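Below: one structure, written as C-alpha cells.
The values are calculated or read from the model by the stated rules, or taken from the named source; none is laboratory data. Computed from a prediction, not measured in an experiment: that's the story for all the values here. So basically every Cβ, Gly included, is an ideal-geometry build from the backbone, and we count neighbours across all protein chains shown. Each accessible area value is taken on the protein alone, full model and side chains, heavy atoms only, with ligands, DNA and RNA left out. Shrake-Rupley method; radii C 1.70, N 1.55, O 1.52, S 1.80 Å.
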Amino acid sequence: MMRCPVREGISVEIRRRITAALGSGAWPELYDTVETIICGALLQVGAGLLDYRRMIAHVENMLRLLLPET
C-alpha cells in the first residue's frame with residue numbers, strides 16, 4: 001500500500017484531538033473506538049452517504065452511547 005503523507009497527517013491530527021478530549025486516563029481501546037467512529041463518519045460523508053450535519057448528529061449519538069457520563 002502506498003503511503004499518503006496528507007492522510008497520515010490527518011490521522012495523526014485526529015488521534016491528537018481524541019487524546020486531548022479524552023485525557024490520558026482513558027482505556028487504549030476507547031481511543032481506537034472513537035477514532036474508528038470519526039474516520040467511519042468521514043468516509044460516509046466522502047462517499048456521499050451522509051451530509052456533514054447528519055454526520056455530526058450520528059457521531060454525537062454514538063459518542064453519547066459510548067461515553068454516557070460526558
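So that you can scan it fast, the table gives a plain yes or no per residue for (1) open to solvent by 90 Å² or more (accessible area, probe 1.4 Å); (2) touching a residue at least 12 places away in the same chain (Cβ under 8 Å); (3) not in a helix (DSSP H, G or I):
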| site | (1), (2), (3) |
| --- | --- |
| R3 | yes, no, yes |
| R7 | yes, no, no |
| V12 | yes, no, no |
| I38 | no, yes, no |
| L42 | no, yes, no |
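Residue count for the range 44-70, restricted to those that are assigned to a helix (DSSP H, G or I) and open to solvent by less than 60 Å² (accessible area, probe 1.4 Å): 5.
Remark: pairs (first residue in the range 15-35, over 14 Å from L67 (Cα atoms) and surrounded by 15 or more Cβ atoms within 10 Å (Cβ to Cβ); second residue among the aromatic types (F, W, Y) and at pLDDT below 95; Cβ separation under 9 Å; 6+ apart in sequence or on different chains) = R15/Y31.
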